[in-house]
Amino acid sequence: MLKYIFKRILMLIPVLIGVSIIVFLIMRVFSPDPAPIVLGQHATQEAVEVWRQANGLNDPIYLQYFHYITGALTGDLGISYYTKMPVTKEIFARFPATIELALVAIMLASFFGILIGVISAVKKNSIFDNAGMFIALIGVSMPIFWLGILLIIFFSGTLHWLPSSGRIDPLLQPLDITGFYLIDSLVTNNMDGFKDAFRHLVLPASALAMYSMAIIARMTRSSMLETLQQDFIRTARAKGISEGRVIIRHALRNGLIPIVTVIGLQLGSLLGGAVLTETVFSWPGIGAYTVACILKSDFPVVQGVVLLIASIFVLVNLIVDVFYAFLDPRIKYSKKEV
Amino acid sequence: MKKFKRIAALVLSVALVGISLTGCGGPKESSDTTPKASDTLIYAQGAEPRGLDPAMVDDGESAKVMINIYDGLLKYSKDSTKVEPSLAKSWDVSPDGLTYTFHLQEGVKFHDGTDFDADAVKFNIDRQLPPQVTADMAYASFVYGSVKDVQVVDKNTVKVNLTAPSTPFLANLAMVMSAPIISPKALKDNNNNVNQAPVGTGPYKFVNWAKDENIVLVRNDEYWGTKALTKNVIFKFIKDNSARVVALNNGEADMIDGIDATVVKQITDAGNKIFQAPGMNINYMAYNTSKKPFNDPKLRAAISQSINVPEMVKSLYQGYSEPATSILPTFMEGYDKSIAQVPYDAEAAATAIKASGLTSVKLMTYTNPRPYNSATGQALAEAVQGYLSKVGVTCTIDSYDWTTYREKLKAGNYDICFYGWIGDNGDPDNFMYLLAHEDPSMNVALYKNPEFNKLIVKGVETPAGADRIAIYTQLEKMAAADAAWLPVSHAETLCAYRPNISDFYFHMTGVTPFVGVSKK
C-alpha cells in the first residue's frame with residue numbers, strides 16, 4: 001500500500017510538467033500583452049519595451065519556460081506583474097478562504113446528498129423519492145450565481161438574518177494562525193469571531209453545496225438501488241436483521257464506492273476555487289482572484305495557481321483511492337496482499 | 001496488520017494534502033487595535049486596490065485608500081480642482097516658469113516617527129526621475145515628466161527646476177498618483193516599494209490588509225493638520241454590485257460606490273442617501289479622420305447633426321449623465337457654455353449625407369460598462385445606429401471586450417469608434433491633449449491639426465489666468481468646428497451612504513477623503 005502511494009506521488013511529476021506546459025503556452029498565445037495593462041494609460045511605447053525586456057517576455061518561449069520551471073522547482077513561482085508581490089504570498093493569502101469554504105460546502109453536500117439519495121432509493125417511486133429527485137434536479141440546473149444573489153437578497157436584504165459578503169466582520173477578525181477563521185477564532189477564544197465567521201459561511205457554503213449535493217444525491221440513489229437488488233441484501237433481511245441496519249451497514253456501505261468517488265471529484269474541483277460563488281459573496285478565495293489575474297494577463301499568478309490546483313486534484317484523488325480499501329476490504333493495492 | 005497498513009496509508013495521504021495546504025496559513029501581521037462599530041467608518045468598493053505605493057499604482061481603487069494615508073505638497077479644494085497648500089504651505093514660481101520654490105510645513109512627522117523635510121521631498125521626486133525611475137512607475141512621466149532636478153535649499157525649502165514651463169505641474173502635485181510624499185525610511189526598508197506597507201504623513205495610518213477582504217486604517221492622532229473625526233476606517237471589497245447595495249441596506253457598509261441608476265430607488269427606499277456630483281470625465285464618439293469618408297469635416301458634422309444627443313443620453317443613462325456640449329466638463333477652466341456641437345437636425349443631415357453618397361459605415365465599440373458609460377459601448381453604438389438608419393446610413397457594429405478593443409483600436413480599422421476619458425489632474429490640458437496626442441490608443445480620432453497642436457503647447461506653457469483660459473476656450477471652439485469627436489456625456493458620480501453618516505463626499509478626482517466624515 002505504501003509503495004502504491006509512493007508510485008502515485010511519482011506520477012504527479014509528469015502531470016505537473018504537462019499542466020505547466022499547457023497553461024504556459026495558453027497564457028502566452030491567447031492572452032493580451034500584459035505590458036499595457038500593467039503600465040497603465042500613460043505608458044509610452046518605450047516603457048512598454050523596457051518592461052517586456054525586464055520581465056523576459058522578449059526571450060524565445062522555450063527559454064521563458066525554462067526560466068519559469070527552474071524557478072518553480074526551487075519553490076519560486078515568480079512575482080505578480082500587477083501587484084509586484086511574490087506569487088506564493090499572493091496565493092497563500094487567499095487559499096485558506098477557499099479551503100474553508102470548500103470543506104464546509106462538501107460536508108453539507110455529502111450529508112444532505114447521501115441522506116436524500118438513500119431516502120429516494122429506499123422509498124423508490126414514492127413522494128419522498130420524487131421530492132428528493134426534484135431537489136436534485138433544481139440543484140444541478142440552477143445557476144449558482146443566481147442562487148447566490150437570491151440567497152443574499154432574501155436572507156440578508158429582506159430578513160437581515162445573515163451577512164451578505166466577506167468572511168468575517170473586520171472588527172472581529174481573529175489573530176492569523178492557520179488562516180482558517182473558524183479554527184483561529186476558536187483557538188484564540190474569540191467566540192464572537194467564531195459565531196460571526198460561521199454566519200458569514202452559511203450563505204456561500206449553501207449556494208456552493210447545492211450543485212455537489214444534487215450530484216451526490218443522484219449517485220447515491222442509483223448506487224443504492226443497484227445494491228438493494230443484490231442477493232446479500234435479501235440474505236441479510238432473511239436473517240432477520242433490522243431494516244435500518246440492512247440499509248446502513250449492508251446496502252450503503254457496499255454502495256459507497258461510486259459515491260466517495262463523486263465526493264472526491266467534487267471536493268477536488270471546489271478546492272480549485274468556486275469562481276462564481278466567490279464573486280457573488282465577495283469571498284476572498286483563489287477562484288475569483290485567478291479569474292481577475294487571467295483578465296489582467298498576470299502570467300506568473302495564473303501559472304502558479306494552476307500548478308497548485310493540479311497538485312491538489314491529484315492528491316485528493318489519491319486519498320479517495322486509498323479510502324476505497326477501507327470501504328471495501330476486497331480492494332488491494334499491493335501484490336503481496338493478494 | 002493489514003488494517004494497520006491501511007490506516008497508515010490513509011494517514012499518510014491525508015497528511016500529504018495537509019502539508020500542501022498548511023503553507024497557506026502563514027502568519028500575517030494582525031491588528032493590535034480593537035475597533036468598535038460606533039467609531040468606525042466602513043466603505044465598500046468594487047475591487048481591491050492594486051497597492052498603496054503612489055508611484056507604483058494607477059488605479060482608482062488604490063487612490064481612495066491612499067488619499068487618507070498620504071499628503072502631497074498640494075491638494076485639491078473640496079469642490080473643485082483648484083490647488084491649495086498642503087505639505088507645502090506656500091510656493092513661488094520664477095518669472096520664466098522654470099523654477100518652483102516650495103516652502104514646507106514645519107514639524108510634520110511621518111507615521112513611522114521620522115521627520116518630513118526638504119530631503120524627503122527630494123527623495124520622493126528623485127526616485128521617479130531618471131536614472132532611478134522604473135518602467136512600472138505608471139504616473140512618473142505624467143507628473144514629473146517636465147522636472148529637470150530637485151534642490152534642497154534648507155530643511156524647509158525645496159526648489160524644483162523644470163526643463164520647460166508647465167502650468168499643469170502644480171495640478172499634478174495635488175494628484176494621489178505619484179505625487180504624495182512617502183517616508184524615505186519606509187522606502188529604504190521595503191526595497192523601494194511600499195505597496196504593502198504604506199507610510200505617509202496623512203490623517204490615517206495603515207494597520208492591516210487582508211487580501212481581497214479589507215484594508216483597516218486608524219486615525220493618526222499626531223496629524224499635523226485638522227485631525228480626523230472618526231477613529232477607524234475600513235475599506236471592504238465587494239465585487240458584486242447588487243451585493244454591495246445589500247451590504248449598505250443591511251448596515252454592513254456605511255458608504256458604497258460604483259452604483260448606477262437602476263438601484264437608486266432600492267437604496268433610497270431603505271432610508272439611505274445618494275451622493276450625486278458632476279464627474280470629471282467625457283464619453284464620446286470619434287470619427288476616423290485619417291481616411292475616407294470621415295476625413296471630410298462637413299460629412300462628420302452631418303453625421304453629428306443626425307444624432308439627438310440629449311435624447312440619447314436621457315434614454316441611456318436615465319438622468320445620471322449630463323449631455324456633453326463640448327469636451328471639457330462644465331466645472332473646468334476653459335469650459336464655455338456658448339460652445340456647442342452642430343445642433344440636431346435630421347432633415348438637414350439626411351440631405352447632406354445623401355449628397356455625399358455615404359450609405360454605410362463601420363462602427364467599432366466595447367462591450368463593457370465603463371465609468372463614463374454605464375450603459376456599455378454596445379448600447380451607445382446601437383443607439384447611434386438607430387439615428388443613422390433614419391438618415392439612410394446603414395451601420396455594422398464590431399464589438400469587443402475592453403482589453404481586446406484597445407488592441408483593435410491601434411489598427412485604425414473603423415469609420416467611427418467609441419471611447420471615453422477620466423481626467424487625472426483637473427487641468428484642461430489633460431482633456432484637450434487627447435486630440436493632439438500621437439498615440440493612436442489615445443487620439444482614436446487620429447486627428448492631426450498643426451494649429452491645434454501649437455495651441456496645446458502654448459496652453460501648457462502659459463501661466464494660469466485669463467490668457468490661459470482663453471486658449472482652452474479657443475481649442476474647444478476648434479474641436480467643435482472640426483467635429484472630430486461627437487461629445488456624448490459626462491457621467492455623474494453616484495455613491496450612497498447611510499443616514500447616520502455626515503459630510504461624506506466623493507471628490508471629482510475619484511477619491512474619498514474621510515478626514516471630515518463622522519458617524520452618529
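The values are calculated or read from the model by the stated rules, or taken from the named source; none is laboratory data. For clarity, every value in this text was computed on a predicted model and none was experimentally measured. All Cβ positions, glycine included, derive from the backbone under ideal geometry; neighbour counts span all protein chains shown.
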### Query
Of the residues in the range A:29-46, how many are buried (at least 17 other Cβ atoms within 10 Å of the Cβ) and either within 26 Å of the chain's Cα centre (by Cα) or not in a loop (DSSP other than H, G, I, E, B) (or both)?
7
### Message
Looking for something closer than 30 Å to residue B:93 by Cα, of a type in the set (A, V, I, L, M) and crowded, with 21+ Cβ neighbours inside 10 Å - is there at least one such residue anywhere in the range B:474-488?
### Response
yes
#### Entry: Top-ranked residue of the range A:167-181 - restricted to ones that are surrounded by 21 or more Cβ atoms within 10 Å (Cβ to Cβ) and not in a loop (DSSP other than H, G, I, E, B), ranked as farthest from the other protein chains (Cβ to nearest Cβ)
A:181
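Here is a yes/no grid of residues against (1) without any contact (Cβ under 8 Å) to a residue 60 or more places away in the chain; (2) farther than 25 Å from residue B:323 by Cβ; (3) out of contact with any strand residue (DSSP E or B) (no Cβ under 9 Å at 6 or more places or on another chain); (4) more than 14 Å from chain A (Cβ to nearest Cβ):
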{"residue": "B:348", "(1), (2), (3), (4)": "yes, no, yes, yes"}
{"residue": "B:359", "(1), (2), (3), (4)": "yes, yes, no, yes"}
{"residue": "B:367", "(1), (2), (3), (4)": "yes, no, no, no"}
{"residue": "B:371", "(1), (2), (3), (4)": "no, no, no, no"}
{"residue": "B:385", "(1), (2), (3), (4)": "yes, no, no, yes"}
{"residue": "B:395", "(1), (2), (3), (4)": "yes, no, no, yes"}
{"residue": "B:402", "(1), (2), (3), (4)": "yes, no, no, no"}
{"residue": "B:405", "(1), (2), (3), (4)": "yes, no, no, no"}
{"residue": "B:413", "(1), (2), (3), (4)": "yes, yes, no, yes"}
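Taking the options B:361, B:342, name whichever one is under 30 Å from residue B:411 (Cβ atoms) and either of a type outside the set (Val, Ile, Thr) or in a loop (DSSP other than H, G, I, E, B) (or both). Steps first, please.
Details: B:361 fails: either of a type outside the set (Val, Ile, Thr) or in a loop (DSSP other than H, G, I, E, B) (or both).
Step by step, each of B:361, B:342 is checked, and only B:342 is under 30 Å from residue B:411 (Cβ atoms) and either of a type outside the set (Val, Ile, Thr) or in a loop (DSSP other than H, G, I, E, B) (or both).
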### Task
Please note which strands (runs of 3 or more DSSP E) are completely contained in the range B:43-95 and include at least 2 residues that are at pLDDT below 90 and either more than 11 Å from every other protein chain (Cβ to nearest Cβ) or surrounded by 17 or more Cβ atoms within 10 Å (Cβ to Cβ) (or both).
none
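Conditions tested, residue by residue: (1) out of contact with any Cys (no Cβ under 9 Å at 6 or more places or on another chain); (2) within 19 Å of residue B:202 (Cα to Cα); (3) touching a residue at least 40 places away in the same chain (Cβ under 8 Å).
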site: B:45; (1), (2), (3): yes, no, yes
site: B:50; (1), (2), (3): yes, no, yes
site: B:59; (1), (2), (3): yes, no, no
site: B:70; (1), (2), (3): yes, yes, yes
site: B:90; (1), (2), (3): yes, yes, no
site: B:94; (1), (2), (3): yes, no, no
site: B:98; (1), (2), (3): yes, no, yes
site: B:103; (1), (2), (3): yes, yes, yes
site: B:111; (1), (2), (3): yes, yes, yes
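Can you pull out every residue in the range B:222-242 that is over 19 Å from residue B:503 (Cα atoms) and touching a strand residue (DSSP E or B) at 6+ places or on another chain (Cβ under 9 Å)?
B:222, B:223, B:224, B:236, B:237, B:238, listed by residue number.
Run down B:240, B:212 and say which single residue is buried (at least 24 other Cβ atoms within 10 Å of the Cβ) and of a type in the set (D, E, K, R).
On the way: B:240 fails: buried (at least 24 other Cβ atoms within 10 Å of the Cβ).
Only one candidate passes the filter, namely B:212.
Limited to the range B:233-249, what total is found for residues that are at the interface with chain A (Cβ under 7 Å from one of its Cβ atoms), under 16 Å from residue B:213 (Cα atoms) and in a helix (DSSP H, G or I)? Don't jump to the end; show me each part of the working.
Going through the range B:233-249, the residues at the interface with chain A (Cβ under 7 Å from one of its Cβ atoms) turn out to be B:234, B:236-240, B:242-243, B:246-247, B:249.
Subset that is under 16 Å from residue B:213 (Cα atoms): B:234, B:236-240, B:243, B:247.
Going one step further and asking which of them are in a helix (DSSP H, G or I), we end up with B:243, B:247.
Number of matching residues: 2.
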### Residue count for the range B:383-418, restricted to those that are at pLDDT 95 or above and under 25 Å from residue B:280 (Cα atoms)
5
### helices (runs of 4 or more DSSP H) fully within the range A:47-166 counting 3 or more residues that are of a type in the set (D, E, K, R) and crowded, with 20+ Cβ neighbours inside 10 Å
A:87-122
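Could you say whether any residue in the range A:51-67 is β-branched (Val, Ile, Thr) and within 13 Å of chain B (Cβ to nearest Cβ)?
Filtering the range A:51-67 down to residues β-branched (Val, Ile, Thr) leaves A:61.
Narrowing further to those that are within 13 Å of chain B (Cβ to nearest Cβ): none.
Taking every residue of the range A:51-67 in turn, none turns out to be β-branched (Val, Ile, Thr) and within 13 Å of chain B (Cβ to nearest Cβ).
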### Message
Go through the range B:455-482 and report how many residues are among the small types (Gly, Ala, Ser) and under 19 Å from residue B:442 (Cβ atoms).
### Response
2
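Can you tell me which residue in the range A:153-206 is modelled with the highest pLDDT, limited to those that are among the β-branched types (Val, Ile, Thr), in contact with a helix residue (DSSP H, G or I) (Cβ under 9 Å, 6 or more places away or on another chain) and over 22 Å from residue B:208 (Cα atoms)? Quick ask: steps written out before the conclusion?
Taking the range A:153-206 and keeping what is among the β-branched types (Val, Ile, Thr), we get A:153, A:158, A:168, A:177-178, A:183, A:187-188, A:202.
Restricting the remaining residues to those that are in contact with a helix residue (DSSP H, G or I) (Cβ under 9 Å, 6 or more places away or on another chain) gives A:153, A:168, A:177-178, A:183, A:202.
With over 22 Å from residue B:208 (Cα atoms) added as a condition, the list becomes A:153, A:202.
Details: A:153: 88, A:202: 93.
Among those that are among the β-branched types (Val, Ile, Thr), in contact with a helix residue (DSSP H, G or I) (Cβ under 9 Å, 6 or more places away or on another chain) and over 22 Å from residue B:208 (Cα atoms), it is A:202.
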### Summary
Conditions (1) more than 10 Å from every other protein chain (Cβ to nearest Cβ); (2) hydroxyl-bearing (Ser, Thr, Tyr); (3) over 30 Å from residue A:259 (Cβ atoms) -> residue A:141 fails only (3)
### Query
Residues that are of a type in the set (Val, Ile, Thr): which helices (runs of 4 or more DSSP H) entirely in the range B:408-501 hold 3 or more of them?
B:450-461, B:466-482
### Task
State the number of residues belonging to the range B:440-490 that are within 23 Å of residue B:343 (Cβ to Cβ) and under 21 Å from the mean Cα position of the chain (by Cα).
4
### Query
From the set of residues in the range B:431-477 that are among the hydroxyl-bearing types (Ser, Thr, Tyr) and more than 14 Å from chain A (Cβ to nearest Cβ), which is nearest to residue A:42 (Cα to Cα)?
B:447
### Message
Take the conditions surrounded by fewer than 21 Cβ atoms within 10 Å (Cβ to Cβ), without any contact (Cβ under 8 Å) to a residue 60 or more places away in the chain and among the hydroxyl-bearing types (Ser, Thr, Tyr) and apply them to residue B:441. Does it pass?
### Response
yes
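Return yes when residue B:136 is acidic (Asp, Glu) and surrounded by fewer than 23 Cβ atoms within 10 Å (Cβ to Cβ) and no when it is not. Give the derivation first.
On the way: acidic (Asp, Glu): yes; surrounded by fewer than 23 Cβ atoms within 10 Å (Cβ to Cβ): no.
So residue B:136 fails the test.
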### Query
Which residues, counting only those in the range B:182-229, are assigned to a loop (DSSP other than H, G, I, E, B), closer than 24 Å to residue A:93 by Cα, touching a Lys or Arg at 6+ places or on another chain (Cβ under 9 Å) and aliphatic (A, V, I, L, M)?
B:199
### Task
Would you check if there is a residue in the range B:431-450 being polar (S, T, N, Q) and farther than 30 Å from residue B:166 by Cβ?
no
### Query
Conditions: (1) free of Cβ contacts under 8 Å to residues at least 24 places away in the same chain; (2) closer than 18 Å to residue A:97 by Cα; (3) within 9 Å of chain B (Cβ to nearest Cβ); (4) of a type outside the set (Ser, Thr, Tyr). Residue A:329 meets all but one. Number of the miss?
(2)
### Message
For the list (1) in a helix (DSSP H, G or I); (2) over 26 Å from residue A:131 (Cβ atoms), I need the number of the one condition that residue A:212 fails.
### Response
(2)
### Message
Of everything in the range A:150-166, what is facing chain B (nearest Cβ under 8 Å) and touching a residue at least 12 places away in the same chain (Cβ under 8 Å)? Give them in sequence order.
### Response
A:152, A:156, A:163, A:164, A:165, A:166
### Task
Provide a single number: the residues in the range A:295-326 that are closer than 30 Å to residue A:163 by Cβ and either at pLDDT 90 or above or facing chain B (nearest Cβ under 10 Å) (or both).
8
